[in-house]
1. Arranged from highest to lowest average of other beta-carbon atoms within 10 Å per residue, in what order do the peptides 177-187, 12-22, 149-159 appear?
2. How long are the semi-axes of the equivalent ellipsoid of the stretch 2-202, taking √(5λ) for every eigenvalue λ of the Cα gyration tensor, in whole Å from largest down?
3. In nm, what is the difference between 0.36 nm times the number of residues separating Leu120 and Ile54 and their Cα-Cα distance?
4. Measure off 7 Å from each Cα along the Cα-to-Cβ vector at Asn81 and Met175, then give the distance between these two points in nanometres to one decimal.
5. Please sort through the DSSP H helices of the chain and keep those with an alpha-carbon extent of at least 27 Å along the long axis and a Kyte-Doolittle average not below 0.0.
6. Out of every Cα-Cα pair in the stretch 26-89, what percent are more than 15 Å apart?
Amino acid sequence: MNSMIQQIILLIVPVLFSITVHEVCHGYAAYRFGDPTAKNAGRLTLNPIKHIDIVGLLVLFITRMIGWAKPVPVDPRYFRNPRKDMMWVSLAGPASNLGLAVVFAVVHKLFGGMLAASYLFPLSFMIEIMVMINVGLAVFNLIPIPPLDGSHIVEGLLPLDMARAYSAIAPYGFMILLLLIFTRVVDFVIFPIIRTIVHILLSI
């Protein structure tokens, strides 16, 4: 029990920081493309409370690999090229997580061994968790199922008529996502990809 509590405590900072950066990057990208919606809603902040989705957070704590935050509001009507710009806004979140994963993998390479051999070993564990969580957030959010980022990226790549047909699954996307999680399809398809990328990064 104590071990579980310790692990949860060590997870709190990596989880909250990672989901916050993910959503802020979405909002900032939208702002750069001319949409002030997220900024006006107070979502361009590093305060994690503004970005927490309870279900997504619980999934992230349980799996330590996949999860989601409360999506920042985006209004494509502000964009000059709504489909293309929305695609880049959607990509900003996963890209930020991959960037964080690489940065913390480098930190682990430089200092992980030293930290693990000292009284600061919990910090070494947190660095590894940062790598895993950020790879997990990036890969999971690239799944092309609404409301995940991958669905908006696919819509931006498809011809307009096909994109409209594809977007018709949006009302059922969350249920499809939960079905994939609870039937463990994600375990067998997504988790191996995440573990492979994490292994590569931590072995650099």
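1. 12-22, 149-159, 177-187
2. 30, 19, 15
3. Numbers: separation 66, 0.36 × 66 = 23.76 nm, distance 3.04 nm.
Extending this stretch completely gives an extra 20.7 nm.
4. 3.6
5. Qualifying helices, which must be both long enough and hydrophobic enough, are 2-32, 82-116, 121-141.
6. Roughly 54 percent, rounded to a whole number.
Just so you know, all these numbers are worked out from the coordinates, no wet-lab data involved. Note that this is a predicted model, so its numbers are computed, not measured. Positions of Cβ are backbone-derived with ideal geometry, glycine not excepted, and every protein chain shown enters the neighbour counts.
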